[in-house]
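The values are calculated or read from the model by the stated rules, or taken from the named source; none is laboratory data. Worth saying up front: this structure is predicted, and the values here are computed from it rather than measured. Here the Cβ positions follow ideal geometry from the backbone for every residue, glycine too, while neighbour counts run over all protein chains shown. For accessibility, only protein heavy atoms count, side chains too; no ligands or nucleic acids. Shrake-Rupley method; radii C 1.70, N 1.55, O 1.52, S 1.80 Å.
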Amino acid sequence: MLSAANYQALDKRPDFVNLSPQPIIQNHLRQANLGQDAALVSANYINFDLNALNIVKGNKGRFHNIKNTEMSGQEISLRLPNVEKPVLLYVDNVQNLVKGVVTYTGYRIGQVNDFFILSIADEGVMAKINYGKYIYIIKPIKSKSVKHTIAQLDKTLIIKDIRDDVAKAVNQKKLSAVTEKSNNGSGHVKVLFYFENGVWNQSLYVSLIVSEMNAALSRSGVPTSNTISSAGIKLLGASFTGLCKDGILGLMDARQGAFANIDQDLNAYGADIAVTLIKTYTGQICDPFSGPVGRVGGVAYPYNPGSPFAVFADAYALGDLTALHELGHVFGGSHAIMQPYIIRNRYAKGFTMNNSITPSDSWQTIMGSYGYSNCNFSGVYSTCERLDYFSNPNKVISYEGNNITLGDTYSKMYLWLDIGMPVVSNYKGLPIPPPPAPNPISATNESCFGLNSVTWTAQSGATEYKLYKSTSSNFTSPVMLYNGTNTTTAVNVNSGLWYLRAQACNASGCSVYSNQVTAYRISNCL
Ligand SMILES: [Zn+2]
(Lines give C-alpha, C1' and ligand atoms only; values in the text may rest on other atoms or scores of the structure.)
Protein backbone atom coordinates (compact mmCIF):
# COMPACT_ATOMS: atom_id res chain seq x y z
CA MET A 1 0.00 0.00 0.00
CA LEU A 2 1.19 3.50 -0.79
CA SER A 3 1.35 6.16 1.89
CA ALA A 4 1.22 9.95 1.78
CA ALA A 5 5.01 9.97 1.64
CA ASN A 6 4.88 8.36 -1.84
CA TYR A 7 2.92 11.26 -3.24
CA GLN A 8 4.48 14.38 -4.58
CA ALA A 9 2.06 17.27 -3.96
CA LEU A 10 1.83 19.89 -6.72
CA ASP A 11 0.08 23.27 -6.69
CA LYS A 12 -0.67 23.15 -10.41
CA ARG A 13 -1.79 20.34 -12.68
CA PRO A 14 0.83 19.79 -15.42
CA ASP A 15 -0.31 19.91 -19.07
CA PHE A 16 0.34 16.72 -21.05
CA VAL A 17 0.60 18.62 -24.35
CA ASN A 18 2.29 21.99 -24.76
CA LEU A 19 2.50 23.89 -28.03
CA SER A 20 5.88 24.76 -29.41
CA PRO A 21 6.20 28.34 -30.72
CA GLN A 22 8.43 27.08 -33.55
CA PRO A 23 6.61 27.43 -36.92
CA ILE A 24 5.98 24.11 -38.63
CA ILE A 25 7.97 23.13 -41.72
CA GLN A 26 5.78 22.31 -44.76
CA ASN A 27 7.76 19.15 -45.40
CA HIS A 28 6.94 17.89 -41.89
CA LEU A 29 3.25 18.49 -42.51
CA ARG A 30 3.49 16.35 -45.62
CA GLN A 31 5.45 13.66 -43.79
CA ALA A 32 2.80 13.53 -41.08
CA ASN A 33 0.46 12.71 -43.99
CA LEU A 34 -2.48 14.71 -42.68
CA GLY A 35 -3.74 14.70 -46.26
CA GLN A 36 -6.73 16.98 -45.71
CA ASP A 37 -5.39 20.34 -46.80
CA ALA A 38 -8.78 22.03 -47.25
CA ALA A 39 -9.81 21.16 -43.68
CA LEU A 40 -6.49 22.07 -42.02
CA VAL A 41 -6.98 25.10 -39.76
CA SER A 42 -3.63 25.04 -37.95
CA ALA A 43 -0.62 22.83 -37.32
CA ASN A 44 1.93 23.05 -34.50
CA TYR A 45 4.80 21.08 -33.08
CA ILE A 46 4.16 19.88 -29.53
CA ASN A 47 6.06 18.80 -26.42
CA PHE A 48 4.86 16.23 -23.88
CA ASP A 49 4.98 16.09 -20.09
CA LEU A 50 4.33 12.46 -19.14
CA ASN A 51 3.80 13.44 -15.48
CA ALA A 52 0.38 14.75 -16.51
CA LEU A 53 -0.77 11.13 -16.92
CA ASN A 54 -0.02 10.30 -13.28
CA ILE A 55 -2.09 12.86 -11.41
CA VAL A 56 -4.63 12.31 -8.62
CA LYS A 57 -6.64 15.35 -7.54
CA GLY A 58 -6.31 16.05 -3.82
CA ASN A 59 -7.96 18.55 -1.49
CA LYS A 60 -7.29 22.30 -1.10
CA GLY A 61 -6.75 22.61 -4.88
CA ARG A 62 -3.62 20.46 -4.82
CA PHE A 63 -2.57 17.63 -7.10
CA HIS A 64 -0.59 14.48 -6.36
CA ASN A 65 1.86 12.82 -8.71
CA ILE A 66 1.68 9.02 -8.43
CA LYS A 67 3.51 6.36 -10.40
CA ASN A 68 0.91 4.61 -12.49
CA THR A 69 0.28 5.26 -16.16
CA GLU A 70 -2.73 2.96 -16.50
CA MET A 71 -5.37 4.62 -14.38
CA SER A 72 -9.05 4.99 -15.26
CA GLY A 73 -11.01 7.84 -13.72
CA GLN A 74 -8.24 10.43 -13.93
CA GLU A 75 -8.19 13.72 -15.80
CA ILE A 76 -5.60 14.80 -18.39
CA SER A 77 -4.86 18.48 -19.05
CA LEU A 78 -3.48 19.62 -22.39
CA ARG A 79 -3.04 22.67 -24.59
CA LEU A 80 -4.83 22.86 -27.96
CA PRO A 81 -4.19 25.44 -30.70
CA ASN A 82 -6.75 28.27 -30.80
CA VAL A 83 -8.18 27.30 -27.40
CA GLU A 84 -7.31 29.83 -24.72
CA LYS A 85 -7.32 27.68 -21.58
CA PRO A 86 -5.95 24.17 -21.00
CA VAL A 87 -8.49 21.50 -21.98
CA LEU A 88 -9.37 18.79 -19.43
CA LEU A 89 -10.08 15.26 -20.66
CA TYR A 90 -11.83 12.68 -18.47
CA VAL A 91 -10.40 9.14 -18.88
CA ASP A 92 -13.23 6.58 -19.05
CA ASN A 93 -10.97 3.62 -19.64
CA VAL A 94 -7.43 2.44 -20.29
CA GLN A 95 -6.63 -0.39 -22.68
CA ASN A 96 -3.65 -2.43 -23.91
CA LEU A 97 -5.05 -3.53 -27.28
CA VAL A 98 -1.75 -4.03 -29.05
CA LYS A 99 1.47 -5.10 -27.32
CA GLY A 100 3.34 -2.08 -25.97
CA VAL A 101 0.57 0.45 -26.62
CA VAL A 102 -1.54 2.06 -23.87
CA THR A 103 -4.77 3.65 -25.12
CA TYR A 104 -6.87 6.12 -23.13
CA THR A 105 -10.47 6.90 -24.16
CA GLY A 106 -13.06 9.26 -22.71
CA TYR A 107 -14.50 12.72 -23.26
CA ARG A 108 -13.82 16.40 -22.82
CA ILE A 109 -15.01 17.62 -19.42
CA GLY A 110 -18.07 19.82 -19.92
CA GLN A 111 -18.85 18.34 -23.38
CA VAL A 112 -19.65 14.64 -23.04
CA ASN A 113 -20.07 14.18 -26.83
CA ASP A 114 -16.56 15.47 -27.54
CA PHE A 115 -14.85 12.06 -27.38
CA PHE A 116 -11.12 11.50 -27.45
CA ILE A 117 -8.74 8.59 -28.00
CA LEU A 118 -5.05 8.73 -27.17
CA SER A 119 -2.44 6.00 -27.64
CA ILE A 120 1.08 5.99 -26.23
CA ALA A 121 3.90 3.63 -27.19
CA ASP A 122 7.67 3.66 -27.61
CA GLU A 123 7.10 4.72 -31.22
CA GLY A 124 5.26 7.85 -30.15
CA VAL A 125 1.86 9.33 -29.32
CA MET A 126 -1.20 9.35 -31.57
CA ALA A 127 -4.51 10.93 -30.60
CA LYS A 128 -7.80 12.29 -31.88
CA ILE A 129 -9.67 14.85 -29.80
CA ASN A 130 -13.10 16.17 -30.82
CA TYR A 131 -13.71 19.82 -30.00
CA GLY A 132 -17.07 21.06 -31.37
CA LYS A 133 -16.79 21.32 -35.15
CA TYR A 134 -13.04 20.73 -34.98
CA ILE A 135 -10.91 17.66 -34.46
CA TYR A 136 -7.32 17.73 -33.29
CA ILE A 137 -5.02 14.95 -34.53
CA ILE A 138 -1.71 14.31 -32.78
CA LYS A 139 0.79 12.23 -34.76
CA PRO A 140 4.53 11.59 -34.91
CA ILE A 141 5.97 13.11 -38.08
CA LYS A 142 7.05 9.66 -39.23
CA SER A 143 7.99 6.29 -37.86
CA LYS A 144 9.60 6.46 -34.39
CA SER A 145 9.98 10.23 -34.65
CA VAL A 146 10.32 12.19 -31.41
CA LYS A 147 8.90 15.21 -33.24
CA HIS A 148 5.11 15.33 -33.10
CA THR A 149 2.51 17.55 -34.76
CA ILE A 150 -0.96 18.59 -33.67
CA ALA A 151 -3.29 19.39 -36.58
CA GLN A 152 -6.57 21.20 -36.14
CA LEU A 153 -9.13 20.10 -38.76
CA ASP A 154 -12.55 21.59 -39.53
CA LYS A 155 -14.83 18.54 -39.75
CA THR A 156 -17.18 20.25 -42.21
CA LEU A 157 -14.32 20.89 -44.67
CA ILE A 158 -12.92 17.36 -44.80
CA ILE A 159 -12.97 16.34 -48.47
CA LYS A 160 -15.72 13.78 -49.07
CA ASP A 161 -16.02 11.12 -51.73
CA ILE A 162 -19.61 11.18 -52.99
CA ARG A 163 -19.27 7.91 -54.88
CA ASP A 164 -20.71 4.76 -53.37
CA ASP A 165 -18.23 3.19 -50.95
CA VAL A 166 -19.88 -0.23 -51.18
CA ALA A 167 -18.33 -2.52 -53.80
CA LYS A 168 -19.44 -5.81 -55.31
CA ALA A 169 -16.98 -8.66 -54.87
CA VAL A 170 -16.40 -11.32 -57.49
CA ASN A 171 -16.10 -13.79 -54.62
CA GLN A 172 -19.73 -13.47 -53.55
CA LYS A 173 -20.83 -16.03 -51.01
CA LYS A 174 -24.37 -16.06 -49.69
CA LEU A 175 -24.99 -16.48 -45.99
CA SER A 176 -27.85 -18.71 -45.00
CA ALA A 177 -30.08 -18.14 -41.98
CA VAL A 178 -28.49 -14.86 -40.94
CA THR A 179 -31.02 -14.25 -38.19
CA GLU A 180 -30.22 -17.44 -36.31
CA LYS A 181 -27.78 -15.94 -33.85
CA SER A 182 -27.52 -19.13 -31.80
CA ASN A 183 -25.81 -20.90 -34.72
CA ASN A 184 -23.12 -18.30 -34.97
CA GLY A 185 -20.07 -16.95 -33.16
CA SER A 186 -19.58 -14.92 -30.02
CA GLY A 187 -19.82 -11.45 -31.58
CA HIS A 188 -16.09 -10.86 -31.00
CA VAL A 189 -14.70 -10.10 -34.48
CA LYS A 190 -10.94 -10.52 -35.09
CA VAL A 191 -9.49 -8.09 -37.62
CA LEU A 192 -6.24 -8.50 -39.59
CA PHE A 193 -4.75 -5.06 -40.37
CA TYR A 194 -2.67 -4.70 -43.54
CA PHE A 195 -0.60 -1.54 -44.11
CA GLU A 196 0.53 -0.04 -47.39
CA ASN A 197 4.22 0.82 -47.44
CA GLY A 198 4.62 4.38 -46.10
CA VAL A 199 1.74 4.33 -43.60
CA TRP A 200 3.73 4.62 -40.38
CA ASN A 201 2.96 4.02 -36.68
CA GLN A 202 0.93 0.90 -37.40
CA SER A 203 0.31 -0.28 -33.84
CA LEU A 204 -0.83 3.22 -32.82
CA TYR A 205 -3.33 3.28 -35.72
CA VAL A 206 -4.63 -0.17 -34.84
CA SER A 207 -5.04 0.72 -31.17
CA LEU A 208 -6.98 3.88 -32.04
CA ILE A 209 -9.28 2.16 -34.57
CA VAL A 210 -10.04 -0.80 -32.27
CA SER A 211 -10.70 1.40 -29.22
CA GLU A 212 -12.78 3.92 -31.19
CA MET A 213 -14.94 1.14 -32.68
CA ASN A 214 -15.48 -0.59 -29.33
CA ALA A 215 -16.29 2.72 -27.62
CA ALA A 216 -18.80 3.59 -30.38
CA LEU A 217 -20.45 0.15 -30.12
CA SER A 218 -20.75 0.50 -26.37
CA ARG A 219 -22.10 4.06 -26.32
CA SER A 220 -24.56 3.22 -29.13
CA GLY A 221 -26.23 0.54 -26.98
CA VAL A 222 -24.90 -2.51 -28.84
CA PRO A 223 -24.78 -5.48 -26.39
CA THR A 224 -21.30 -5.74 -24.83
CA SER A 225 -20.49 -9.19 -26.27
CA ASN A 226 -20.02 -7.51 -29.68
CA THR A 227 -16.51 -6.11 -29.95
CA ILE A 228 -13.53 -6.14 -32.32
CA SER A 229 -9.87 -6.87 -31.66
CA SER A 230 -6.65 -6.91 -33.64
CA ALA A 231 -5.78 -10.41 -34.89
CA GLY A 232 -2.48 -9.02 -36.15
CA ILE A 233 -0.64 -6.36 -38.13
CA LYS A 234 1.02 -7.15 -41.46
CA LEU A 235 3.14 -4.69 -43.42
CA LEU A 236 2.70 -5.28 -47.14
CA GLY A 237 5.98 -3.72 -48.21
CA ALA A 238 4.11 -2.69 -51.37
CA SER A 239 2.92 0.72 -52.53
CA PHE A 240 -0.26 1.05 -54.55
CA THR A 241 0.91 4.07 -56.52
CA GLY A 242 -1.59 5.00 -59.23
CA LEU A 243 -4.35 2.83 -57.80
CA CYS A 244 -7.54 4.15 -56.21
CA LYS A 245 -9.16 2.57 -53.16
CA ASP A 246 -11.57 0.49 -55.29
CA GLY A 247 -8.66 -0.99 -57.25
CA ILE A 248 -6.85 -1.94 -54.03
CA LEU A 249 -9.99 -3.56 -52.61
CA GLY A 250 -10.35 -5.41 -55.92
CA LEU A 251 -6.85 -6.89 -55.44
CA MET A 252 -7.95 -8.23 -52.04
CA ASP A 253 -11.01 -9.86 -53.62
CA ALA A 254 -9.02 -11.29 -56.54
CA ARG A 255 -6.22 -12.53 -54.21
CA GLN A 256 -3.70 -10.83 -56.48
CA GLY A 257 -0.43 -8.92 -56.08
CA ALA A 258 0.31 -8.07 -52.44
CA PHE A 259 -2.82 -10.02 -51.43
CA ALA A 260 -2.01 -13.34 -53.14
CA ASN A 261 -1.88 -15.06 -49.72
CA ILE A 262 -4.80 -13.32 -48.07
CA ASP A 263 -6.68 -16.57 -47.31
CA GLN A 264 -3.57 -18.14 -45.77
CA ASP A 265 -3.05 -14.93 -43.74
CA LEU A 266 -6.63 -15.01 -42.41
CA ASN A 267 -6.04 -18.59 -41.26
CA ALA A 268 -2.57 -17.95 -39.85
CA TYR A 269 -3.75 -14.94 -37.81
CA GLY A 270 -7.12 -16.50 -36.89
CA ALA A 271 -8.80 -13.41 -38.35
CA ASP A 272 -12.44 -13.19 -39.40
CA ILE A 273 -11.97 -10.16 -41.66
CA ALA A 274 -9.11 -8.08 -43.14
CA VAL A 275 -8.72 -4.35 -43.75
CA THR A 276 -5.97 -2.36 -45.50
CA LEU A 277 -4.77 1.11 -44.48
CA ILE A 278 -3.55 3.05 -47.51
CA LYS A 279 -1.98 6.47 -47.91
CA THR A 280 -4.40 9.34 -48.37
CA TYR A 281 -3.82 11.19 -51.63
CA THR A 282 -6.33 13.93 -52.34
CA GLY A 283 -4.76 14.85 -55.69
CA GLN A 284 -5.30 11.56 -57.49
CA ILE A 285 -8.17 11.43 -59.98
CA CYS A 286 -10.16 8.28 -59.22
CA ASP A 287 -13.31 8.74 -61.24
CA PRO A 288 -13.33 11.17 -64.20
CA PHE A 289 -17.15 11.33 -64.03
CA SER A 290 -17.47 12.56 -60.47
CA GLY A 291 -14.37 14.74 -60.37
CA PRO A 292 -10.96 14.61 -58.73
CA VAL A 293 -12.10 13.36 -55.31
CA GLY A 294 -8.82 11.53 -54.94
CA ARG A 295 -7.82 8.59 -52.83
CA VAL A 296 -9.90 9.58 -49.82
CA GLY A 297 -12.39 7.89 -47.46
CA GLY A 298 -12.81 4.13 -47.68
CA VAL A 299 -14.59 1.26 -49.43
CA ALA A 300 -15.90 -2.16 -48.35
CA TYR A 301 -17.62 -5.36 -49.41
CA PRO A 302 -20.82 -5.69 -47.39
CA TYR A 303 -21.52 -8.77 -45.30
CA ASN A 304 -19.72 -11.23 -47.54
CA PRO A 305 -17.84 -14.24 -46.12
CA GLY A 306 -16.17 -14.74 -49.54
CA SER A 307 -14.39 -11.37 -49.32
CA PRO A 308 -14.86 -9.81 -45.85
CA PHE A 309 -12.59 -6.88 -46.68
CA ALA A 310 -12.36 -3.08 -46.49
CA VAL A 311 -9.87 -0.34 -47.34
CA PHE A 312 -9.37 2.96 -45.45
CA ALA A 313 -7.25 5.99 -46.38
CA ASP A 314 -5.05 6.69 -43.34
CA ALA A 315 -6.02 10.32 -42.65
CA TYR A 316 -9.71 9.35 -42.89
CA ALA A 317 -9.50 6.28 -40.69
CA LEU A 318 -9.28 8.72 -37.78
CA GLY A 319 -10.48 11.99 -39.26
CA ASP A 320 -13.95 11.15 -40.48
CA LEU A 321 -14.91 7.92 -38.66
CA THR A 322 -14.29 6.14 -41.98
CA ALA A 323 -12.79 3.02 -40.38
CA LEU A 324 -15.93 2.57 -38.24
CA HIS A 325 -18.22 3.26 -41.22
CA GLU A 326 -16.52 0.66 -43.44
CA LEU A 327 -16.45 -1.93 -40.64
CA GLY A 328 -20.19 -1.26 -40.32
CA HIS A 329 -20.60 -2.24 -43.99
CA VAL A 330 -18.52 -5.43 -43.52
CA PHE A 331 -20.88 -6.27 -40.62
CA GLY A 332 -23.94 -5.78 -42.90
CA GLY A 333 -24.91 -2.15 -42.31
CA SER A 334 -26.33 0.15 -44.99
CA HIS A 335 -26.53 3.87 -45.54
CA ALA A 336 -29.52 5.85 -44.34
CA ILE A 337 -31.27 6.06 -47.71
CA MET A 338 -30.08 3.22 -49.90
CA GLN A 339 -31.66 -0.21 -49.78
CA PRO A 340 -30.29 -2.41 -47.01
CA TYR A 341 -28.32 -5.37 -48.30
CA ILE A 342 -30.15 -7.76 -46.02
CA ILE A 343 -33.72 -7.11 -47.04
CA ARG A 344 -35.31 -8.98 -44.15
CA ASN A 345 -33.61 -6.64 -41.67
CA ARG A 346 -34.49 -3.24 -43.03
CA TYR A 347 -33.35 -1.47 -39.88
CA ALA A 348 -29.63 -2.18 -40.51
CA LYS A 349 -29.19 1.44 -41.55
CA GLY A 350 -27.69 4.74 -40.63
CA PHE A 351 -29.75 7.81 -39.82
CA THR A 352 -29.49 11.35 -41.14
CA MET A 353 -31.10 14.56 -39.93
CA ASN A 354 -31.35 17.24 -42.59
CA ASN A 355 -31.95 20.74 -41.26
CA SER A 356 -32.75 22.69 -44.43
CA ILE A 357 -33.10 25.98 -42.54
CA THR A 358 -29.74 25.73 -40.79
CA PRO A 359 -27.69 23.27 -42.88
CA SER A 360 -24.79 23.49 -40.47
CA ASP A 361 -27.01 21.73 -37.90
CA SER A 362 -27.44 18.71 -40.20
CA TRP A 363 -25.83 15.50 -38.99
CA GLN A 364 -25.74 11.75 -39.53
CA THR A 365 -24.83 8.65 -37.57
CA ILE A 366 -21.76 6.56 -38.45
CA MET A 367 -23.56 4.69 -41.27
CA GLY A 368 -24.72 7.93 -42.90
CA SER A 369 -23.08 8.60 -46.26
CA TYR A 370 -22.25 11.62 -48.36
CA GLY A 371 -23.49 10.51 -51.78
CA TYR A 372 -26.75 8.73 -50.98
CA SER A 373 -28.19 10.52 -47.99
CA ASN A 374 -30.57 13.43 -47.55
CA CYS A 375 -27.92 15.33 -45.66
CA ASN A 376 -27.39 18.80 -47.01
CA PHE A 377 -24.61 18.33 -49.49
CA SER A 378 -23.19 20.57 -52.17
CA GLY A 379 -20.06 19.76 -54.07
CA VAL A 380 -16.93 18.53 -52.41
CA TYR A 381 -17.64 19.85 -48.94
CA SER A 382 -20.42 18.78 -46.63
CA THR A 383 -21.82 20.44 -43.54
CA CYS A 384 -23.36 17.16 -42.50
CA GLU A 385 -20.96 15.78 -39.95
CA ARG A 386 -20.89 12.22 -38.66
CA LEU A 387 -21.58 11.75 -34.96
CA ASP A 388 -19.74 8.94 -33.14
CA TYR A 389 -22.85 6.76 -32.77
CA PHE A 390 -24.56 3.95 -34.66
CA SER A 391 -28.28 4.67 -35.16
CA ASN A 392 -30.47 3.86 -32.16
CA PRO A 393 -33.91 5.47 -31.60
CA ASN A 394 -33.57 4.83 -27.85
CA LYS A 395 -30.55 7.13 -27.61
CA VAL A 396 -31.10 10.84 -27.05
CA ILE A 397 -28.02 13.06 -26.82
CA SER A 398 -27.41 16.76 -26.50
CA TYR A 399 -25.94 18.11 -29.75
CA GLU A 400 -25.25 21.82 -30.22
CA GLY A 401 -27.71 22.63 -27.45
CA ASN A 402 -30.56 20.45 -28.77
CA ASN A 403 -31.76 17.05 -27.58
CA ILE A 404 -31.65 14.80 -30.62
CA THR A 405 -32.79 11.18 -31.17
CA LEU A 406 -30.25 9.06 -33.02
CA GLY A 407 -32.58 6.87 -35.09
CA ASP A 408 -36.14 5.91 -36.00
CA THR A 409 -38.21 2.74 -36.63
CA TYR A 410 -36.11 1.95 -39.70
CA SER A 411 -32.73 3.00 -38.35
CA LYS A 412 -31.73 0.60 -35.60
CA MET A 413 -28.18 -0.24 -36.60
CA TYR A 414 -27.40 -1.01 -32.93
CA LEU A 415 -29.81 -3.98 -33.07
CA TRP A 416 -28.49 -5.22 -36.40
CA LEU A 417 -24.90 -5.24 -35.09
CA ASP A 418 -26.01 -7.74 -32.41
CA ILE A 419 -27.14 -10.03 -35.26
CA GLY A 420 -24.47 -9.30 -37.87
CA MET A 421 -21.34 -9.29 -35.69
CA PRO A 422 -21.90 -12.84 -34.31
CA VAL A 423 -22.24 -14.05 -37.92
CA VAL A 424 -19.04 -12.29 -39.01
CA SER A 425 -17.21 -13.48 -35.87
CA ASN A 426 -17.88 -17.03 -37.04
CA TYR A 427 -16.27 -16.59 -40.46
CA LYS A 428 -13.20 -18.35 -39.08
CA GLY A 429 -15.02 -20.53 -36.59
CA LEU A 430 -14.53 -20.97 -32.86
CA PRO A 431 -11.21 -22.69 -32.17
CA ILE A 432 -11.45 -22.67 -28.34
CA PRO A 433 -14.12 -21.81 -25.75
CA PRO A 434 -14.00 -18.52 -23.80
CA PRO A 435 -12.10 -18.79 -20.46
CA PRO A 436 -13.73 -18.99 -16.99
CA ALA A 437 -14.39 -15.81 -14.98
CA PRO A 438 -11.27 -14.30 -13.27
CA ASN A 439 -12.45 -15.04 -9.72
CA PRO A 440 -11.76 -13.79 -7.17
CA ILE A 441 -11.35 -10.05 -7.72
CA SER A 442 -10.34 -7.64 -4.94
CA ALA A 443 -10.01 -3.87 -4.57
CA THR A 444 -7.77 -2.07 -2.04
CA ASN A 445 -8.04 1.63 -1.31
CA GLU A 446 -4.56 3.17 -1.42
CA SER A 447 -5.37 5.54 1.47
CA CYS A 448 -5.04 8.60 -0.70
CA PHE A 449 -8.10 10.27 -2.26
CA GLY A 450 -9.69 8.10 -5.04
CA LEU A 451 -6.78 5.80 -5.80
CA ASN A 452 -7.63 2.07 -5.59
CA SER A 453 -5.65 -1.00 -6.64
CA VAL A 454 -7.75 -3.72 -8.28
CA THR A 455 -6.48 -7.28 -8.73
CA TRP A 456 -8.13 -10.33 -10.27
CA THR A 457 -7.14 -13.96 -10.75
CA ALA A 458 -5.41 -15.13 -13.94
CA GLN A 459 -7.19 -17.85 -15.93
CA SER A 460 -5.56 -20.31 -18.29
CA GLY A 461 -6.74 -19.82 -21.86
CA ALA A 462 -7.26 -16.07 -21.28
CA THR A 463 -5.41 -13.69 -23.58
CA GLU A 464 -6.75 -10.49 -22.00
CA TYR A 465 -8.94 -9.18 -19.19
CA LYS A 466 -11.58 -6.47 -18.92
CA LEU A 467 -12.51 -4.51 -15.82
CA TYR A 468 -15.93 -2.82 -15.70
CA LYS A 469 -17.50 -0.36 -13.26
CA SER A 470 -21.10 0.52 -12.47
CA THR A 471 -22.42 3.11 -10.05
CA SER A 472 -25.28 0.72 -9.19
CA SER A 473 -25.00 -2.41 -7.02
CA ASN A 474 -27.15 -4.22 -9.65
CA PHE A 475 -24.35 -3.53 -12.13
CA THR A 476 -26.58 -1.74 -14.64
CA SER A 477 -24.95 0.27 -17.48
CA PRO A 478 -21.42 -1.14 -17.01
CA VAL A 479 -18.54 0.97 -18.34
CA MET A 480 -15.18 -0.61 -19.19
CA LEU A 481 -12.26 0.79 -17.14
CA TYR A 482 -9.40 -1.42 -18.29
CA ASN A 483 -8.73 -3.85 -21.14
CA GLY A 484 -5.40 -5.65 -21.44
CA THR A 485 -3.16 -8.50 -20.40
CA ASN A 486 -2.46 -7.35 -16.82
CA THR A 487 -4.21 -8.91 -13.81
CA THR A 488 -4.01 -5.68 -11.82
CA THR A 489 -4.67 -2.01 -12.48
CA ALA A 490 -5.23 1.23 -10.59
CA VAL A 491 -8.46 3.22 -10.78
CA ASN A 492 -9.23 6.73 -9.57
CA VAL A 493 -12.73 7.02 -8.05
CA ASN A 494 -13.67 10.64 -8.72
CA SER A 495 -16.86 10.55 -6.64
CA GLY A 496 -19.31 8.15 -4.95
CA LEU A 497 -18.90 4.40 -4.81
CA TRP A 498 -17.84 2.26 -7.80
CA TYR A 499 -18.93 -1.39 -8.17
CA LEU A 500 -16.32 -3.43 -10.08
CA ARG A 501 -16.41 -6.76 -11.96
CA ALA A 502 -13.88 -8.35 -14.34
CA GLN A 503 -14.02 -10.69 -17.34
CA ALA A 504 -11.38 -13.01 -18.82
CA CYS A 505 -11.34 -13.10 -22.64
CA ASN A 506 -9.76 -14.87 -25.59
CA ALA A 507 -10.29 -14.95 -29.36
CA SER A 508 -13.65 -16.68 -28.88
CA GLY A 509 -15.08 -14.08 -26.52
CA CYS A 510 -15.28 -13.24 -22.83
CA SER A 511 -16.25 -15.11 -19.67
CA VAL A 512 -19.19 -14.20 -17.47
CA TYR A 513 -18.46 -11.51 -14.87
CA SER A 514 -16.32 -12.20 -11.79
CA ASN A 515 -17.58 -11.56 -8.28
CA GLN A 516 -18.31 -7.89 -7.46
CA VAL A 517 -16.19 -5.59 -5.28
CA THR A 518 -16.45 -1.90 -4.41
CA ALA A 519 -13.93 0.95 -4.66
CA TYR A 520 -14.34 4.28 -2.90
CA ARG A 521 -12.86 7.73 -2.40
CA ILE A 522 -11.56 9.10 0.87
CA SER A 523 -11.27 12.81 1.46
CA ASN A 524 -7.61 12.94 2.43
CA CYS A 525 -4.21 11.26 2.32
CA LEU A 526 -3.98 9.02 5.41
ZN1 LIG B 1 -20.72 3.69 -46.89
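Think of a 1.4 Å ball rolled over the protein heavy atoms: the chain then has 39 Å² of accessible area per residue. Once the C-beta distance of residue 84 and residue 38 is scaled by a Förster radius of 30 Å, the resulting FRET efficiency is 0.70 to the nearest 0.05. With Rh defined as the Kirkwood radius, the inverse of the mean 1/r over Cα pairs, the Rg/Rh of segment 47-174 is 1.07.
Dividing the convex hull volume of the alpha-carbon atoms in the chain by its residue count gives 146 Å³ per residue. Here the chain is assigned +1 on the Cβ of each Lys and Arg and -1 on the Cβ of each Asp and Glu. Its dipole about the Cα centre then comes out at about 460 debye.
Counting Lys and Arg as +1 and Asp and Glu as -1, what is the net charge of the other residues whose Cβ lies under 12 Å from the Cβ of residue 50? Result for the neighbourhood of residue 50: -1.
Put 485, 444 in order of accessible area, largest first, 1.4 Å probe: what do you get? Display every interim value, and only then the final one.
On the way: 485 90, 444 65 Å².
So the residues, ranked largest to smallest area, are 485, 444.
In whole percent, how big is the carbon plus sulfur part of the accessible area of the chain, probe 1.4 Å, protein atoms only?
Details: 10390 of 20270 Å².
C and S fraction of accessible area: 51 percent.
In this structure, the residue pairs whose Cα-Cα separation is over 31 Å, taken from 12/142; 144/190; 147/428; 160/234; 67/147; 173/412, are 12/142; 147/428. Dividing the helix sum by the residues of the chain, where each DSSP H run of 4 or more adds -39500 (n - 2.57), gives a mean residue ellipticity at 222 nm of -4000 deg cm²/dmol.
With a bin width of 5 angstrom, please list the P(r) values of segment 91-164 as percents of all Cα-Cα pairs, from the 0 bin to the one holding the largest distance. Reading the bins upward from 0: 3, 15, 19, 21, 18, 14, 8, 2.
For segment 391-526, what is the convex hull (Cα atoms) projected area averaged across all directions, in square nanometres?
Values: hull surface 44.5 nm².
Its average projected convex-hull area is 11.1 nm².
Annotation: peptides 303-314, 8-19, 88-99, 270-281, ranked by per-residue average of other Cβ atoms within 10 Å with the highest first, follow the order 303-314, 270-281, 88-99, 8-19. Here's how it looks for residue 80: its modeled amide H is under 5 Å from those of 87, which are all 5 or more places away or on a different chain. Each peptide among 114-127, 250-263 gets the average number of other Cβ atoms lying within 10 Å of its residues, and from highest to lowest they stand as 114-127, 250-263.
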